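Visitor: My structure is below; once you've seen it, I'll send some questions.
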Amino acid sequence: LFHDNVLASMSYFDLGIDGESVYQAFTLGILVSLADTHEVTTNRESGTGRYDLCIIPHDQTKAGTIIEFKKYDTETEEPLDVLAAQALAQIKEKKYTTVMRARNINKIVKIGLAFNKKVMAWEFEVQEGDEVVRRGAYAD
């Protein structure tokens, strides 16, 4: 669904040099409708760094989500699936879930999303407490 929206709504020219900010703003715009049930924030400190996007439910029994974006780098030419895995690893390494833990959110979805213009890949995991209960990935 997300990829379909990107393909239908965004122009290749919109992405420009700093496509990461465009993807982040586009995603934030989609998520603004969650304001009644979630707090949606960007670029806030959590753990030992700053996450790109965080969706914190007001109801502690619901899942929270952390998203980290990675833009394709023409110099390193890392494949998108590798970049998505790196983004997910960054969420874990920098302990971005600290903000959720502080609010007693037990179920956390972590998503690493990589893109090159309108082509994307993502990797995710769902954590309940200290246990990962689901993993998955997608690549164009």
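The values are calculated or read from the model by the stated rules, or taken from the named source; none is laboratory data. Nothing here was measured: the structure is a model prediction, and the numbers come from that model. For neighbour counting, all protein chains shown are included, and Cβ atoms are generated from backbone atoms with ideal geometry for every residue, glycine included. SASA here: full protein model, heavy atoms, side chains in, ligands and nucleic acids out. Shrake-Rupley method; radii C 1.70, N 1.55, O 1.52, S 1.80 Å.
Visitor: Can you tell me how many residues in segment 41-82 are under 12 Å from the mean Cα position of the chain (by Cα) and within 24 Å of V133 (Cα to Cα)?
Guide: 11
Visitor: What number of residues within segment 96-118 are without any contact (Cβ under 8 Å) to a residue 24 or more places away in the chain and open to solvent by less than 50 Å² (accessible area, probe 1.4 Å)?
Guide: 0
Visitor: Within the bounds of segment 84-95, is there any residue that is in a loop (DSSP other than H, G, I, E, B) and at pLDDT 95 or above?
Guide: Yes, because at least one residue in segment 84-95 is in a loop (DSSP other than H, G, I, E, B) and at pLDDT 95 or above.
Visitor: Separate question: Can you give me the number of residues within segment 115-140 that are out of contact with any strand residue (DSSP E or B) (no Cβ under 6 Å at 6 or more places or on another chain) and in a strand (DSSP E or B)? Lay out the reasoning, then the answer.
Guide: In the first step, residues of segment 115-140 are kept if they are out of contact with any strand residue (DSSP E or B) (no Cβ under 6 Å at 6 or more places or on another chain); the result is 115-120, 129-131.
Going one step further and asking which of them are in a strand (DSSP E or B), we end up with 115-116, 119-120, 131.
Residues flagged as out of contact with any strand residue (DSSP E or B) (no Cβ under 6 Å at 6 or more places or on another chain) and in a strand (DSSP E or B) within segment 115-140 amount to 5.
Visitor: Can you tell me which residues in segment 48-95 are among the hydroxyl-bearing types (S, T, Y) and buried (at least 21 other Cβ atoms within 10 Å of the Cβ)?
Guide: Passing the criteria: Y51, T65.
Visitor: Next question. Return yes or no: is P57 modelled with pLDDT of 90 or more and under 17 Å from D140 (Cα atoms)?
Guide: Judged against the criteria, P57 is not a match.
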